[in-house]
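Structure record follows, encoded as structure tokens.
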There are 2 protein chains.
Amino acid sequence: MREHGKASDSELPTVSRRGFLGGAGALAGGLAATGLVGGASPAGAEVCGLEWGPRVDLTGLKENFAPQEVKQFTIPAGGIDHLGLHSTDVFTIPGMGEFSVDFSGYFRVARAHPSTFDWAAAEVRVNIVDLRLFGRNEALGEIAVRLNPDILSSGQIFATKPREDGNSVAEEPKACRIATAAVFELRKLGLSVFNKEPILLMNEHITRVPPVDDPSGHALLFRLPLYNLQDPKGEPVAYLTSLRYGADHYLTEGEVRTIKERS
Amino acid sequence: MREHGKASDSELPTVSRRGFLGGAGALAGGLAATGLVGGASPAGAEVCGLEWGPRVDLTGLKENFAPQEVKQFTIPAGGIDHLGLHSTDVFTIPGMGEFSVDFSGYFRVARAHPSTFDWAAAEVRVNIVDLRLFGRNEALGEIAVRLNPDILSSGQIFATKPREDGNSVAEEPKACRIATAAVFELRKLGLSVFNKEPILLMNEHITRVPPVDDPSGHALLFRLPLYNLQDPKGEPVAYLTSLRYGADHYLTEGEVRTIKERS
């Protein structure tokens with residue numbers, strides 16, 4: 001198992017580094033590599049602290065592929081989950097119009113060991129450590145989505161609210177939020193865009209951890225600006241106006257490999 | 001007139017630098033000051049590109065104080081507005097409970113020259129360049145809010161949606177969003193907290209630019225994590241769960257001075 005930052009670096013070596021950081025990120029990354037700034041890691045995210053929440057320590061976490069049994073109202077030990085994922089995203093592109101795109105693919109989620117195994121009281125820290133989605137729209141052509149390696153996508157699963165009498169409820173849905181940094185490659189347009197503000201994936205009705213076969217996720221956003229990776233300091237070139245998603249079930253190692261090999 | 005980054009630096013010299021950037025930000029800032037990284041500015045934001053949207057060029061923008069006339073459905077030339085501001089924020093602090101706090105104070109908003117003076121078509125880029133709010137809660141004591149100088153708080157006022165027939169509507173409310181980075185000083189607790197994800201101030205019914213005497217703003221957020229400035233990489237120590245705000249009218253230079261002198 002490799003560490004998140006390094007895996008992302010080696011697999012996605014070039015264009016994303018310019019994203020949120022602009023030229024300065026690449027500069028700082030370069031300095032880190034020479035030992036002038038920071039330390040061992042060349043990742044801009046670590047030098048500049050572009051972390052939208054705490055980092056999950058991957059040490060010792062088990063890689064979870066299909067088949068897995070996921071029980072309702074049960075908190076499992078931490079692990080790295082490989083789950084199918086689908087979404088429907090609506091983009092507005094000034095001068096072009098509004099476009100709805102269906103995506104499917106997978107995400108790899110590092111799920112820390114829980115604060116407790118009590119369903120209601122448990123808090124769980126999560127990071128998205130890989131993301132691959134593919135979609136198609138007649139006007140926009142093929143669109144590929146991947147994780148932005150310059151920013152740590154971090155989130156958490158919350159304890160349920162205590163009841164009025166102060167006692168927690170054993171079988172109550174939990175809430176989850178993940179601040180997500182992505183790159184959308186609109187290949188027909190020759191345009192890759194990324195978000196500087198999180199795409200906040202959220203779900204207030206989780207009855208399983210991880211939330212497999214749960215189609216009810218959405219992103220909390222309002223005209224989220226998307227920036228051109230080739231002009232990261234410029235004005236937004238597109239907006240994400242709506243996103244609904246569903247986590248599917250665990251994938252096999254072979255299914256994950258097939259998705260990752262699709263370019 | 002001083003530049004945003006520099007003004008913030010000189011007025012708020014120490015603690016905020018550790019915020020989003022962690023130790024690395026201070027390091028990069030220090031290197032910038034020595035000329036090893038970046039350029040002239042010691043601001044971490046410029047070295048590391050922590051900008052939640054484009055920067056407004058302040059050159060030549062007029063400083064606007066009371067009295068000002070603000071006409072409905074009219075786009076003014078760019079300027080730097082000094083407006084009264086009030087908000088009601090709800091915080092959840094694990095182990096302590098939920099707290100609603102009323103704040104009042106001011107914000108200083110750099111408003112770029114518009115893309116056009118046509119109300120419906122105009123797009124306007126804005127940055128919050130200063131923010132001072134003061135509130136009090138019986139349990140939490142005095143709370144002061146200020147802008148986080150490590151992150152550029154950037155936003156925009158949008159063109160109205162074209163009608164079905166493709167023509168724009170002359171007198172239609174405009175929408176506005178500003179991604180805001182703040183520091184909340186909970187003085188009685190000896191705790192200062194900040195947000196790593198934007199507090200997204202938004203308003204979908206703006207009939208004046210700037211939106212003076214408009215109480216209908218709110219923040220789009222879901223359990224927004226707040227981090228301890230003294231432990232920026234740790235787990236969240238509080239959450240902002242609701243925020244409603246209203247922009248008041250222009251303040252005089254004397255009123256702004258009084259607010260800024262309050263510490």
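The values are calculated or read from the model by the stated rules, or taken from the named source; none is laboratory data. Note that the structure is predicted; figures quoted are calculated from it, not measured. All Cβ positions, even for glycine, are placed from backbone atoms using ideal geometry, and neighbour counts span all protein chains on display. With ligands, DNA and RNA removed, areas are computed over all heavy atoms of the protein, side chains included. Shrake-Rupley method; radii C 1.70, N 1.55, O 1.52, S 1.80 Å.
In table form, for the structure just shown:
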{"quantity": "Other copies of B:Val90: label-to-label distances in nm, shortest first, labels 7 Å along the beta-carbon direction", "calculated": "2.6"}
{"quantity": "Net +/- balance of residues flanking B:Ala247 in space, Cβ distance below 10 Å, scoring K and R +1, D and E -1", "calculated": "-3"}
{"quantity": "Förster radius 22 Å - calculated FRET efficiency between A:Glu98 and A:Glu142, Cβ distance, rounded to 0.05", "calculated": "0.75"}
{"quantity": "Reach of B:Lys62 by Cα under 28 Å, taken over lysines that are not fewer than 8 positions away in the same chain", "calculated": "A:Lys233, B:Lys6, B:Lys71, B:Lys174, B:Lys260"}
{"quantity": "Dipole magnitude of region B:152-263, debye to nearest 20 (Cβ charges: Lys/Arg +1, Asp/Glu -1, about Cα centre)", "calculated": "420 debye"}
{"quantity": "Virtual paramagnetic centre 7 Å along Cα→Cβ of B:Lys71, amide N under 14 Å, in region B:176-219", "calculated": "B:208-210"}
{"quantity": "Teacher prompt: A:Ser104 distances to equivalent labels in other copies, 7 Å Cα→Cβ, nm", "calculated": "5.8"}
{"quantity": "Label point 7 Å beyond Cα along the C-beta direction, distances from B:Gln230 to other copies (nm, shortest first)", "calculated": "4.9"}
{"quantity": "Rounded Å value of the spacing that divides the Cα centres of region A:50-64 and region A:67-141", "calculated": "15 Å"}
{"quantity": "Heavy-atom SASA rank of A:Glu138, A:Glu197 (probe 1.4 Å, accessible area, largest first)", "calculated": "A:Glu138, A:Glu197"}
{"quantity": "Heavy-atom accessible area order for A:Arg55, A:Arg244, largest first, 1.4 Å probe", "calculated": "A:Arg244, A:Arg55"}
